[in-house]
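Right, one structure below, let's go through it.
The values are calculated or read from the model by the stated rules, or taken from the named source; none is laboratory data. Bear in mind that the values here come from a model prediction, so they are computed numbers and not experimental data. Positions of Cβ are backbone-derived with ideal geometry, glycine not excepted, and every protein chain shown enters the neighbour counts. Protein only, heavy atoms only, side chains kept; ligands, DNA and RNA dropped before computing areas. Shrake-Rupley method; radii C 1.70, N 1.55, O 1.52, S 1.80 Å.
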Amino acid sequence: MPDPYWSDPYWSDPDGTVHLYLGDMREILPALGVRADLIVADPPYAETSLTWDRWPEGWPTLAAQHARSMWCFGSMRMFLERRDEFAGWKLSQDVVWEKHNGSGFAADRFKRVHEIATHWYRGDWRDVHRDVPTEKSGRRDGGEGGMRATATAREHTGSIAAKAWDGSDGSRLLRSVQRVRSMHGRAIHPTEKPLGILAPLIRYACPPGGLVLDPFAGSGSTLDAARQSGRRAIGVEANEEYCERAALRLSALTLDFDTTA
Ligand SMILES: C[S@@+](CC[C@H](N)C(=O)[O-])C[C@H]1O[C@@H](n2cnc3c(N)ncnc32)[C@H](O)[C@@H]1O
């Protein structure tokens with residue numbers, strides 16, 4: 001008998017490269033039994049009073065059964081409070097997403113204008129897919145100065161001995177602080193991530209044509225970014241309203257503009 005989850009996604013795109021499932025990731029991931037190249041997780045940080053903002057206990061351990069590489073968004077507070085739950089994972093690096101506006105409301109602290117994306121892996125770093133994250137010279141936003149990185153073969157820092165970057169083509173390594181406008185004013189989900197922060201993370205850690213799994217899909221931003229980057233994607237979202245918004249958003253990008261009919 002086919003597994004009901006496989007046979008009944010909430011939404012799939014016409015060519016079958018993206019599937020969205022409605023439900024609790026703790027039930028759906030085991031039912032799918034999927035092996036992904038990369039997990040992109042933006043879990044509930046459990047820092048607001050929003051009804052869905054509850055940390056699903058044990059999800060990092062569960063996720064470890066479905067991929068050996070994972071980007072996880074969060075705050076420093078979240079990672080420190082939940083550090084024991086990431087015990088099965090090794091940390092490779094962290095990337096700071098600098099937003100153009102803030103989300104913190106405490107008047108007695110620095111205005112919070114960033115989130116952290118941490119990259120985790122399991123097993124041997126040499127077996128973990130990663131592609132040298134580069135950009136063309138002159139593309140850097142903000143003009144923070146031209147600190148040019150050198151590529152040496154260091155373990156765990158993102159350098160790749162097999163195809164080391166040397167910058168001779170005029171490119172430079174992407175910086176670990178990425179300045180990307182937030183979705184403020186145009187979001188369809190309260191914590192929607194912009195494509196501009198998701199795409200480089202996906203291109204770095206998932207091979208072209210590979211499978212990205214987002215256990216907390218929200219607005220479908222990861223699925224959208226994965227598809228636009230030439231990757232396949234599976235998302236899970238527990239809130240039906242968000243599922244519907246994500247499906248609409250993803251459908252809008254697959255409109256058939258054939259005018260010959
Ligand atoms: C931080 S938001 C993700 C936002 C998303 N990255 C985006 O860009 O739109 C977390 C999402 O996880 C969903 N969620 C919470 N608990 C869940 C669970 N146990 N299984 C699946 N989804 C869950 C929430 O409804 C919420 O939409």
**Request:** Can you pull the one-decimal nm distance between simple spin-label points at ASP127 and GLN65, each 7 Å off the Cα toward Cβ?
**Result:** 1.9 nm
**Efficiency of FRET from Cβ geometry, SER75 and GLU135, R₀ 41 Å, rounded to 0.05** = 0.95
**Fill in**
Taking protein heavy atoms only, a 1.4 Å probe, and rounding to whole percent, the accessible area of the stretch 4-252 owed to carbon and sulfur comes out at 52 percent
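Give, in nm to one decimal, the length gained when the segment between ALA107 and SER12 is fully stretched (0.36 nm per residue of separation minus the Cα-Cα distance).
Working: separation 95, 0.36 × 95 = 34.20 nm, distance 4.38 nm.
Here the answer is 29.8 nm.
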**Asked** Accessible area of ILE188, 1.4 Å probe, to the nearest 10 Å²?
**Response** 60 Å²
**ASP53 paired with LEU91, simple spin-label distance in nm, labels 7 Å along Cα-to-beta-carbon** = 2.3 nm
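Applying 1/(1 + (r/R0)^6) with R0 = 25 Å to the Cβ-Cβ distance of ARG83 and SER176, what FRET efficiency is obtained, to the nearest 0.05?
On the way: r = 20 Å, r/R0 = 0.81.
The formula returns an efficiency of 0.80 here.
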**Request:** Express in nm, to one decimal, how much length is gained between HIS114 and SER168 on full extension, taking 0.36 nm for each residue of separation and deducting their alpha carbon distance.
**Result:** 16.2 nm
**Request:** Would you pull out the residues with amide H under 5 Å of ILE39's amide H, same chain only if 5 or more places away, H placed 1.01 Å from N?
**Result:** SER69, MET70, TRP71, LEU213
**Complete:** Which residues qualify? For ARG179, with a placed amide H closer than 5 Å and at least 5 residues away or on another chain, they are GLU98
**Item:** Tail weight of P(r) past 33 Å, computed on alpha-carbon pairs of the stretch 4-252, percent
**Value:** 17 percent
**Prompt:** Between GLY235 and residues 5 or more places away or on another chain, which pairs have amide H atoms under 5 Å apart, with H built 1.01 Å from N, and which residues are they?
**Reply:** HIS19, LEU20, TYR21, ASP214
**Prompt:** Rounded to the nearest 10 Å², what accessible area does LYS99 show when all protein chains are kept and the probe is 1.4 Å?
**Reply:** 20 Å²
**Message:** Quick check for me: using +1 on Lys/Arg Cβ and -1 on Asp/Glu Cβ, what's the dipole size of the stretch 4-252 about its Cα centre, in debye to the nearest 20?
**Reply:** 1000 debye
